[in-house]
Amino acid sequence: MATYGSKPDDTPFRYQPGQPLPKQFGTPVHCAKISRDGLVYVCDRGNNRIQVFRKDGTFVSEAQVAPESRGSGSVHDIGFSTDKGQQFVYVSDANNKKVWILRRTDLAVVGAFGRGGHFAGQLTMPHSMSVDSKGNVYVGETREGKRVQRFRYNGLATRAGR
């Protein structure tokens with residue numbers, strides 16, 4: 001499967017840090033979710049990126065998340081915040097053992113939560129995720145984790161001094 005809404009070709013599809021992004025998906029469509037405004041968000045786990053398309057396949061934008069990640073890649077699944085405009089995209093990252101928070105308008109990383117470990121709130125291999133109607137984020141862990149954790153939404157906070 002090709003990225004950018006184009007036909008597949010035979011170019012290498014695994015991202016190498018410092019090199020241009022490949023035109024092929026690294027892990028063909030590891031997840032795909034549609035936002036309320038009809039945009040399709042595709043997880044390209046192997047290339048550490050999210051690509052956004054219109055429903056007709058027209059490429060809209062892309063962004064890498066933790067681009068230096070190796071191994072299983074950084075974009076395993078996504079979920080949207082529950083505010084009217086779905087202002088944020090949550091990204092489960094099994095490689096770096098966290099959930100990234102991206103601003104949906106430009107896919108810039110604005111925060112993260114979780115860290116590696118086996119205790120409550122820590123993550124071993126966050127793989128799948130979902131967001132409920134109250135904004136709580138559920139993260140399913142695979143391999144050693146073998147659990148689902150709920151991260152309770154407490155509202156948006158601002159940094160001191162801003």
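The values are calculated or read from the model by the stated rules, or taken from the named source; none is laboratory data. Computed from a prediction, not measured in an experiment: that's the story for all the values here. Using ideal geometry, Cβ is built from the backbone for each residue, glycine included, and neighbour counts are taken over all protein chains shown. For accessibility, only protein heavy atoms count, side chains too; no ligands or nucleic acids. Shrake-Rupley method; radii C 1.70, N 1.55, O 1.52, S 1.80 Å.
Just read off the accessible area of Lys134 with the full protein assembly in place, 1.4 Å probe, to the nearest 10 Å².
150 Å²
So for Phe151, Phe119, what's the accessible-area order with a 1.4 Å probe, most first?
My answer, sorted largest first, is Phe119, Phe151.
Return the carbon/sulfur percentage of the accessible area of region 18-120, one whole number, probe 1.4 Å, all protein chains in place.
Numbers: 2500 of 4710 Å².
Of all accessible area on region 18-120, carbon and sulfur atoms account for 53 percent.
Once you sort the root eigenvalues of the Cα gyration tensor of region 46-115 as a ≥ b ≥ c, which label holds: rounded (a/c under 1.5), prolate (a/b larger than b/c) or oblate (the other case)?
In terms of gyration-tensor shape, oblate.
What's the extension gain from Val110 to Gln19 if we count 0.36 nm per residue and subtract their Cα-Cα distance?
Full-extension gain reported as 30.3 nm.
What net charge do the residues around Glu141 carry, taking every other residue with its C-beta under 11 Å from that of Glu141, with Lys and Arg at +1 and Asp and Glu at -1?
Neighbour charge sum, excluding Glu141 itself: +3.
Which net charge results when you count Lys and Arg as +1 and Asp and Glu as -1 among the other residues whose beta-carbon is under 15 Å from that of Ile34?
Cβ neighbours under 15 Å give a net charge of +2.
Could you give each residue of region 80-85 its phi-based ³J(HN,Hα) in whole Hz, using Karplus coefficients 6.51, -1.76, 1.60 with θ = phi - 60°, and x for Gly or Pro?
Calculated HN-Hα couplings, in order: 10, 5, 9, 5, 3, x Hz.
Per residue, how much accessible surface does region 84-162 expose to a 1.4 Å probe? Answer in Å², no decimals.
That works out to 62 Å² for each residue.
Could you tell me whether region 59-162 comes out rounded, prolate or oblate from its Cα gyration tensor? Rule is a ≥ b ≥ c as square roots of the eigenvalues, rounded for a/c under 1.5, then prolate if a/b exceeds b/c, otherwise oblate. Could you put the intermediate results ahead of the total?
Details: a/c = 1.55, a/b = 1.20, b/c = 1.29.
Judged from the Cα gyration tensor, region 59-162 comes out oblate (a/c at least 1.5, b/c at or above a/b).
Largest first and in whole Å, give the semi-axes of region 96-157's equivalent ellipsoid, each being the square root of 5 times a Cα gyration tensor eigenvalue.
On the way: eigenvalues 82, 37, 23 Å².
Semi-axis lengths for region 96-157 are 20, 14, 11 Å.
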